[in-house]
Amino acid sequence: MKILAIDTSTDETAAAVTQGTKVLSNIIWSQASLHAKWGGVYPSLAKRAHQEHIDWVISKAISIAKCDMGSISAIAAATGPGLAIAIEVGLNKAKEISLLLNKPFIAINHVEGHLLSVLARPKTSRQQKPNEVVGFPAIGLVASGGTTQLVLIKQVGTYEIIAYTVDDTLGEALDKAARMLGLGYPGGSVLEIMAKEGNPKTYNLPTPMLGKENRLRFSYSGIKTAMYKLVQSEQPLTKEKVHNLAASFQDKTFQHVERLVRKVLDAHKVKEFFLTGGVSANINLRKRIRKICKERKIILSIPYSKKLCTDNAAMIGIAAHFKFQRGEIVTSTNLDLIDRVPRAKVDEKFAWE
Ligand code: KG4
C-alpha cells in the first residue's frame, strides 16, 4: 500500500511516497535561501513559495517512486503544528488529490512525523514490523527549528510530552548564534563545523535554567542574549574567536539537552531513545546522546539519513502508515472536517478524531 505524503509546515515544500515504513521517494524544495536575509521564516513568502513548488515536488515524488497516482492508496498531510498559512498550502493540495482520486485522507501531527522518522527504512530494505525493532516505551527528543521537546512514546500513536521549551527552540538558538557570527541562515550545521575547530571552554556562557534544575523545561533565550552581548564585546571577530564562540555556545546549549535527557531517563524506564528533528543531524549531539544511552543500556535510534532529520514528507508517510493500520482515516466525502492546527500538540488528538 503506497501513501503520498505532503508537508509544508514551515519553509520546506515536501512530498514523498512511502510503502509501509519504506521510503520510495522523499522530495524537498528548500526555501532557506529565500528567508536568509530575514534570519527566519517570512510567512507570506513561505506561502507563495509553497504554492509555486507544491505541484513540482508531488510529481517528482511520484516519478522517483516509479509509480502513478492510480497506485496511491491514501493521501497524508501534516496539519500542524507549524505556520498556518504554510500548512494550508499542503493541506489543501492533499484534500484536492484525495477528492479527485476518491482515496482516504490521513491527517498527521508534524511532531509525530519527526518522532517516527527513526522507523523509516530505505526502499531496498526488508519491510520490518515496528515491534520487531523497537522496544516501547521509548523517549523521543524532537530538536528542530520549530520545536524542542522530549516525548514519552508509550507505543506508536500514544504520546506524552514530558519536557518542552518555554521560549526559543534549540534550532532557533543555534541559528541565531550562527547569524551573530556571520555564518548565514539557517546556520546550525555551519556552527557545527566552526565549533569543531574551537575550544568550548574559552567563554563561560550562562547555563540555561540554572537554579531551576527540577523543572523539566528547555530555555534558550537567556543564553542567546548572553551570546549577543559576548559577540559585541569580542568585535572585531577573528576566525579563532568565531571557532571558540561557536564551540562555547554549542557546548552549553547541548549540555542543557543532556541534563534534561538524563533527568527524563531517570524518571522513565525505557528501552529506546529516538533522536530526531533537524538538530539531530549534529554529530556532536549524537555522540553525547549515544554516551547517555550506552551508560543506561538503552538503544539509540536515529533516522537513517540526514534528509529525514530536517523537515520532510517521508516521515509524514511513515506516521500515516500506522494511522492507516489503526483505521484513523478520513474519507474523501468528509474532508470539510479537516483544518490546519498551527498549535497542535503531539499528545492531543485533532478535533475531528
Ligand atoms: O527539523 P527542521 O527542518 O525544523 C524546522 O524547520 O522546524 O530543522 C531545522 C533546524 C535548523 O535550526 C537548523 O539549523 C538545524 O535544524 N540543523 C542543525 C544541523 N542541521 C540542521 N543544527 C545543528 N547541527 C546540524 N548539523
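Considering only 310, 238, 148, give the residue with the highest GNM mean-square fluctuation for the chain, with springs between Cα atoms whenever their separation is below 10 Å.
Sorting by GNM fluctuation, first place goes to 238.
Rounded to whole Å and ordered largest first, report the semi-axes of the equivalent ellipsoid of the stretch 201-353 derived from its Cα gyration tensor (root of 5λ). If you can, show how the numbers build up before the last one.
On the way: eigenvalues 266, 83, 56 Å².
With the √(5λ) rule applied to the stretch 201-353, the semi-axes are 36, 20, 17 Å.
Hey, got the dipole for the chain? About the Cα centre, +1 on K and R Cβ, -1 on D and E Cβ, debye to the nearest 20?
Details: 48 positive and 32 negative charges, 238 e Å.
For the chain, the charge dipole is close to 1140 debye.
Quick one: net charge of residue 198's neighbours, Cβ under 14 Å, K/R +1, D/E -1? Present the calculation step by step, with values, prior to reporting the outcome.
Details: positive: 196, 201, 239, 241, 252; negative: 192, 197, 234, 240, 251.
In short, 0.
Scattering from the C-alpha atoms of the stretch 56-158 alone, worked out with Debye: what is log10 I(q)/I(0) at q = 0.13, 0.17, 0.23 1/Å?
-0.62, -1.03, -1.31
Test of understanding: extend the Cα→C-beta vector of residue 51 to 7 Å, then name every residue of the stretch 76-103 with backbone N under 11 Å from that spot.
The answer is 89, whose backbone nitrogens lie closer than 11 Å to the label point.
If you bin the C-alpha pair distances of the stretch 240-286 every 5 Å from 0, what whole percents do you get?
The distribution over the stretch 240-286 is 5, 17, 22, 23, 17, 8, 5, 3, 1, given as percents.
Report the local net charge at residue 310: Lys and Arg +1, Asp and Glu -1, summed over other residues whose C-beta lies under 15 Å from its C-beta.
That works out to -4.
If you stretched the chain out fully between residue 237 and residue 155, how much longer would it get, using 0.36 nm times the residue separation minus the C-alpha to C-alpha distance? Please list the in-between numbers first.
On the way: separation 82, 0.36 × 82 = 29.52 nm, distance 4.87 nm.
Extending this stretch completely gives an extra 24.7 nm.
Highest GNM mean-square fluctuation, the chain, Cα pairs closer than 10 Å: which of 245, 116, 230?
Comparing 245, 116, 230 in the GNM, the peak value goes to 230.
How are the Cα pair distances of the stretch 266-313 distributed, in percent, across 10 Å bins from 0?
The calculated distribution, bin by bin, is 27, 50, 21, 2.
If you keep only loop residues by DSSP, which trypsin sites (Lys or Arg not before Pro) in the stretch 167-206 have at most 15 other Cβ atoms within 10 Å of their Cβ? Could the numbers behind the result be given before it?
Values: sites: 176, 179, 196, 201; in loops: 201.
Answer in residue order: 201.
State log₁₀ I(q)/I(0) for the chain at q = 0.08, 0.11 Å⁻¹ as given by the Debye formula over alpha-carbon point scatterers of equal weight, solvent excluded.
Taken in order of the listed q values, log10 I(q)/I(0) reads -0.38, -0.71.
Hey, could you pull the Cα Rg and Dmax for the stretch 111-233, both in Å?
Computed over the Cα atoms of the stretch 111-233, radius of gyration and Dmax are 17.8, 55 Å.
Which percent, to the nearest 5, of DSSP beta bridges fully inside the chain are antiparallel?
On the way: 27 of 49 bridges.
If we restrict to bridges inside the chain, about 55 percent are antiparallel.
Every number in this text was worked out from the coordinates using simple rules, so none of it is lab data. Model, not experiment: these values are computed from the prediction. Glycine also receives a Cβ, built like all others from the backbone with ideal geometry; neighbour counts cover every protein chain displayed.
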